[in-house]
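The values are calculated or read from the model by the stated rules, or taken from the named source; none is laboratory data. All values derive from a computational prediction rather than experimental measurement. Note: ideal-geometry Cβ built from the backbone for every residue, glycine included; neighbour counts use all protein chains shown.
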Amino acid sequence: MNVLDSILTQASTIVELRKDIHAHPELCFEENRTADVVARKLTEWGIEIHRGMGTTGVVGIIKAGTSSRAIGLRADMDALPIQEKNNFAHASQHPGKMHACGHDGHTAMLLAAAQHLAKHRNFDGTVYLIFQPAEEGGGGAREMIKDGLFEKYPMQQVFGMHNWPGLGVGQFAVSTGPVMASSNEFKIVVKGKGSHAALPHNGIDPVPIACQMVQAFQTIITRNKKPVDAGVISVTMINAGHATNVVPDTCVLQGTVRTFTLEVLDLIEQRMKVIAEHVCAAHEAQCEFEFLRNYPPTVNHASAVDEVRKVLAQVVGAEHVLAQEPTMGAEDFSYMLQALPGAYFFIGNGEGAHRHVGHGEGPCTLHNPSYDFNDDLIPLGGTVWVRMVESLLAV
């Protein structure tokens, strides 16, 4: 791996920053301390900063030369509402909060790149360092865009990088097109008529109606959409009744829908609504249908992917740059890719062997209470960011 010496020499300092952020996790739109850490280091390195975009976001600006070209590099900063099971020295000090997705590491990698770029400035143009809040369900990317991110800091392309457990350290994955799914939620209330469980004919039982609905939803996946188009409907919550001898008045279904395209999402939402309303009508029950669209699909642009792949090959060798298998997980970087060309790619976090002592019993997978970011990635990820800048904004 062709890691920059200047980043390697500072790696231990950045690792300590990462561990400090891990020990003090903050949930979406609460990243005040984390933003303070980021802003303080950027200022220390002579980087112009702007704070408060998207509530707690930080934007750093590094300029070199005279070119009007500009790119954005994004790292997310928020943690998850998870109780950490690790007991190593840098484990979370805040009960019920944990960096279980590696956003502490993403922030550290971009800080490592920022320190090098500010010192050497071997490029011609402007780099915008986007430290984003509230990726985990808060839509921080959307909120930064609403606050004028791309108007106040005009850039031609934007890039994001996420660690990926199971992918080996020194390996990357990037592909054109959809790489992460849209994230959507639904809530359906089946309104029947309660009765004694021994006399169900006196009521309208919402439970079997809801069961028919759950089964029928799967025909959307198998019979309405094209088999080659990905889509998932998961009913994850069914709540009804409080007593064994009472037919309840209502039954509530909730769950998620994931797709790689908005066209499939439109189809699924429309069909779910028709099925829900008509199944209820067939049994003389009433229906309340709610469908909430959260994050859109994350879709990489071909020209940006080509640039990323070229840079990654220079750093780790083409044989270690793999195709990015699309995942049904969601990511609010999708909003940025709807606004500008760019790409979102994965950096391998390994299998968890980096957790030498003090880790929990669970696997080192994302959103797991025993997860920890692999600090070996910090100089590697920082180098990739620097080489991206030097390639896209070549002197």
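Here's the yes/no breakdown for (1) part of a loop (DSSP other than H, G, I, E, B); (2) touching a residue at least 24 places away in the same chain (Cβ under 8 Å); (3) among the polar types (S, T, N, Q):
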| position | (1), (2), (3) |
| --- | --- |
| Glu307 | no, yes, no |
| Gln338 | no, yes, yes |
| His359 | yes, yes, no |
| Cys364 | yes, yes, no |
**Request:** Tell me which residues, restricted to the range 13-25, are closer than 21 Å to Asn87 by Cα, of a type outside the set (A, V, I, L, M, F, W, C) and assigned to a helix (DSSP H, G or I).
**Result:** Glu16, Arg18, Lys19, Asp20, His22
**Asked** Could you give every pair whose Cβ atoms fall below 7 Å, whose first residue belongs to the range 134-155 and is farther than 17 Å from Ala330 by Cβ, and whose second residue is modelled with pLDDT of 95 or more and hydroxyl-bearing (Ser, Thr, Tyr), counting only separations of at least 6 or pairs across chains?
**Response** Tyr153/Tyr128; Met155/Tyr128
**Asked** For the range 221-267, what are the residues that are in contact with a Gly (Cβ under 8 Å, 6 or more places away or on another chain), charged (D, E, K, R) and over 24 Å from His201 (Cβ atoms)?
**Response** Lys225, Arg258
**Asked** Only one of (1) crowded, with 16+ Cβ neighbours inside 10 Å; (2) at pLDDT below 95 fails for Thr298. Which number is that?
**Response** (2)
**Residue pairs meeting the criteria (Cβ under 9 Å; at least 6 apart or on separate chains; first not assigned by TED's automatic domain parsing to the domain that holds Ala113 and buried (at least 18 other Cβ atoms within 10 Å of the Cβ), in the range 46-64; second modelled with pLDDT of 95 or more and assigned to a strand (DSSP E or B))** = none
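Would you confirm whether or not the range 26-33 contains a residue that is acidic (Asp, Glu), in the same structural domain as Ile378 (by TED's automatic domain parsing) and not in a loop (DSSP other than H, G, I, E, B)?
Just the residues of the range 26-33 that are acidic (Asp, Glu), to begin with: 26, 30-31.
Filter once more, keeping what is in the same structural domain as Ile378 (by TED's automatic domain parsing): 26, 30-31.
Pick out the ones that are also not in a loop (DSSP other than H, G, I, E, B) and you get none.
No, there is no match, as no residue in the range 26-33 is acidic (Asp, Glu), in the same structural domain as Ile378 (by TED's automatic domain parsing) and not in a loop (DSSP other than H, G, I, E, B).
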**Asked** Could you list, in sequence order, the residues of the range 120-164 that are in a loop (DSSP other than H, G, I, E, B), in contact with a strand residue (DSSP E or B) (Cβ under 7 Å, 6 or more places away or on another chain) and more than 18 Å from Leu80 (Cα to Cα)?
**Response** Arg121, Phe123, Asp124, Asp147, Tyr153, Pro154, Met155, Gln156
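Sort through Gly46, Gly96, Gly72 and tell me the only one that's within 27 Å of Val386 (Cβ to Cβ) and part of a loop (DSSP other than H, G, I, E, B).
Details: Gly96 fails: within 27 Å of Val386 (Cβ to Cβ); Gly72 fails: part of a loop (DSSP other than H, G, I, E, B).
Of the residues listed, the single one that is within 27 Å of Val386 (Cβ to Cβ) and part of a loop (DSSP other than H, G, I, E, B) is Gly46.
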**Request:** Provide a single number: the residues in the range 225-258 that are buried (at least 17 other Cβ atoms within 10 Å of the Cβ) and closer than 24 Å to Thr298 by Cβ.
**Result:** 8
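With respect to Ala353, is the statement that it is small (Gly, Ala, Ser) and free of Cβ contacts under 8 Å to residues at least 40 places away in the same chain true? Write out each step before concluding.
Details: small (Gly, Ala, Ser): yes; free of Cβ contacts under 8 Å to residues at least 40 places away in the same chain: yes.
Yes; evaluated as a whole, the condition is true for this residue.
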